[in-house]
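The values are calculated or read from the model by the stated rules, or taken from the named source; none is laboratory data. Note that the coordinates shown come from a computational prediction; the quantities given were computed from them, not determined experimentally. Ideal geometry is used to build each Cβ from the backbone, glycine not excepted, and the neighbour counts take in all protein chains shown.
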Amino acid sequence: MYSYENTVKYSLDSLPFIRDIIYRDSVGSTNVLAEELARTGRGEWTVVVADSQSNGRGRQGRVWFSPSRINIYTSFILRPEISYEYFPAISLLAGMVVAIVIEHFVNMPAELKWPNDVMVEDKKISGVLLALGTDLNNKSYIVVGIGINVNSDTKEYPDYITTSSTSMRLLTNKVFDRSSVLNYLYTVFHEWYNMYCVHNGFNGIREQFMRRFKMTGKQVNILNGTEKLSGTVEDIDKYGRLVLKSNNNETIAVKSGDVHLI
Amino acid sequence: MDVNDVKELLELIEGKDIIEIEYSHGDKKIRIVRSSSGRVKKAQEVQQARPAEVQPEAEVDTTAEKLLVSVNSPFVGTFYCAPSPSEKPFVEIGSRVKKGQTIGIVEAMKLMNAIEADADGSVKQILKKDGEPVEFGEPLFIIDPEG
């Protein structure tokens, strides 16, 4: 019988590195469920997929709008055997992979904003959020959470999102098979994650990331909690930090914050 | 002796080849001992009797010695005391915590690192404000395992 659950399982079962697939019609948040599984010691490439989320979250508790039957909400467990200082830039790797996947299906260029926003035609098309923790055996895990606007139409979006978001369907006027997108997402993630681990960090993915990164040389404001920084974007370093030349000519490596073009 | 004194002492030995440091001021004394892993883990605070109340034969009351546990930041990032700005903080001063319980978050590049209590006890000090930048190894909380 055709169902999203069956097609997801069929599609991801064909990928030999995927250890386990947990499907839910509805879940609070795929990241929360994947973290619960990771804490019990579940292995790398344990994958959670949901048709909808009732409490999908972005950075700082922002809501990630997650209606059923149209988009992708997935999270998975990684247990990278790399130096701890290279963990945070897996966030940049995740954004880059999503950009590659979207470009493949919509045949349009995707742009990356630091650290991992994926934009097409200046509109946000995906959300990526990661969690790091330790399990019962004191081993580190990373949960990567990815939401992609696949088949959502403007009528599904609340008003506050319509001007800033887009979807693969809105960009192409085509409806996509979500299971195929998931299959390609995991295939590409696995490939670039190996590259990232072998080449120890951002340098392993640098060329692919930077060709989609258009912020170099731009003036930006960075709001980081209680701090505000301004300057010109110079580069991204091997730890994935945004390198800024501040207005008083100081070089700063930024690890956190919301970046706004001036 | 206040929160900042403890914080400054912890920062002073972090990353340096110092195993133990003791500092006294007025009627209080604090001793910090580095664990074998190199991470600053235990702070010993010795509460001395006030000089005016001291009997000549009992100048230092060692029975009041306490072991405190410092919870440090695992990497450079931004500290958050709550899951989101609209939600209550994970803990407050005096909150009872269990080992492994999430008591804060350090975020770097949208990687949210749950900060967990290193011991059962009560939260004695919260050394960072919500949204403040933190450095690697910087103390975030002091937990009193006997509190």
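Quick notes on this structure:
- Each residue in the stretch B:73-102 was checked for being in a strand (DSSP E or B), crowded, with 21+ Cβ neighbours inside 10 Å and within 13 Å of chain A (Cβ to nearest Cβ), and 4 pass.
- When the test is whether a residue is within 14 Å of another protein chain (Cβ to nearest Cβ), under 24 Å from A:R19 (Cβ atoms) and either of a type in the set (D, E) or crowded, with 19+ Cβ neighbours inside 10 Å (or both), A:L78 passes it.
- Number of the condition not met by A:Y4 [criteria: (1) touching a strand residue (DSSP E or B) at 6+ places or on another chain (Cβ under 6 Å); (2) of a type in the set (F, W, Y); (3) free of Cβ contacts under 8 Å to residues at least 40 places away in the same chain]: (3)
- Residue-level analysis places A:Y141 outside the set of residues that are touching a residue at least 12 places away in the same chain (Cβ under 8 Å), more than 14 Å from chain B (Cβ to nearest Cβ), touching a Gly at 6+ places or on another chain (Cβ under 7 Å) and part of a strand (DSSP E or B).
- Matching residues in the stretch A:81-114 - criterion: being more than 13 Å from chain B (Cβ to nearest Cβ), of a type outside the set (V, I, T) and crowded, with 20+ Cβ neighbours inside 10 Å: A:A99, A:A110
- Of the residues making up the stretch B:108-119, one or more are away from chain A (no Cβ under 14 Å) and within 21 Å of B:P145 (Cβ to Cβ).
- Selection of strands (runs of 3 or more DSSP E) fully inside the stretch A:200-262 by the criterion of at least 1 residues being more than 18 Å from the chain's Cα centre (by Cα), at pLDDT 95 or above and among the polar types (S, T, N, Q) returns A:219-224, A:227-236, A:251-254.
- Sole exception among (1) free of Cβ contacts under 8 Å to residues at least 60 places away in the same chain; (2) aromatic (F, W, Y); (3) closer than 25 Å to A:L136 by Cβ for A:F17, by number: (1)
- For the stretch A:115-133, the tally of residues that are surrounded by fewer than 24 Cβ atoms within 10 Å (Cβ to Cβ) and touching a residue at least 60 places away in the same chain (Cβ under 8 Å) stands at 2.
- Scanning the stretch A:224-262 for residues that are among the hydrophobic types (A, V, I, L, M, F, W, C) and loosely packed, with under 14 Cβ neighbours inside 10 Å yields A:L261, A:I262.
- Among the candidates A:F189, A:F202, the residue that is away from chain B (no Cβ under 14 Å) and either farther than 16 Å from A:I102 by Cα or of a type in the set (F, W, Y) (or both) is uniquely A:F189.
- Test: residue in the stretch A:84-102 that is in contact with a helix residue (DSSP H, G or I) (Cβ under 8 Å, 6 or more places away or on another chain), outside the structural domain of A:D237 (by TED's automatic domain parsing) and among the hydroxyl-bearing types (S, T, Y): yes
- Here is the figure for the stretch A:42-61: residues that are within 14 Å of another protein chain (Cβ to nearest Cβ) and in contact with a strand residue (DSSP E or B) (Cβ under 9 Å, 6 or more places away or on another chain) total 6.
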